[in-house]
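Structure record follows, encoded as structure tokens.
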């Protein structure tokens, strides 16, 4: 916890360096008070080669952040806005930039070496 999945289409891939975007989003999470443990952060980027949006400018990136339950709505909203701001800053040509926060289930389990 937390897990961040970044979905992106081919237009977004052409618009910027997704490795740098992934690292920047990792830093957004690590810099937030709600995420005190750097070792717990996991960020991955997944291509969506067959994506379509209704935006006038094509291109889309969407971040889904999964957190352990217990964060208030203000904290979740702040995290989402910071993620959107960072993606928009690094991918200004992308037409659709969005983020959402979900709570992990109580069944969540992990092993870290």
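We did not get these values from a lab; they are worked out from the coordinates using the rules stated. Values in this document were obtained by computation on a predicted structure and should not be read as measured data. Cβ: placed from backbone, ideal geometry, glycine included. Neighbour counts: every protein chain shown.
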- Message: Expected output is a single nm value to one decimal: the length gained when fully extending between residue 23 and residue 46, i.e. 0.36 nm times separation in residues minus the C-alpha distance. What is it?
- Response: 6.9 nm
- How would you classify the chain from its alpha-carbon gyration tensor, with a ≥ b ≥ c the square roots of the eigenvalues: rounded for a/c under 1.5, else prolate if a/b is greater than b/c, otherwise oblate? prolate
- Quick one: if you stick a label point 7 Å off each Cα along the C-beta vector at residue 81 and residue 33, how many nm between them? 1.4
- Task: Take every Cα pair under 8 Å in the chain that's 6+ residues apart, average their separations, divide by the length, and report that relative contact order as a whole percent.
- Result: 36
- Message: Applying a 10 Å radius around every beta-carbon, put 42-52, 94-104 in order of their mean neighbour count, most first.
- Response: 94-104, 42-52
- Message: Can you give me the C-alpha center-to-center distance between segment 80-96 and segment 1-69, rounded to a whole angstrom?
- Response: 10
- Message: Helix 73-90 against the longest principal axis of the chain: what's the angle in degrees, Cα atoms only, rounded to the nearest 10?
- Response: 40
- Message: Helix-only mean residue ellipticity at 222 nm, the chain, DSSP H runs n ≥ 4 weighted -39,500 (n - 2.57), per residue, nearest 500. What is it?
- Response: -10000 deg cm²/dmol
- Task: Please give the helix 18-30 orientation as an angle from the longest Cα principal axis of the chain, in degrees from 0 to 90, rounded to the nearest 10.
- Result: 30
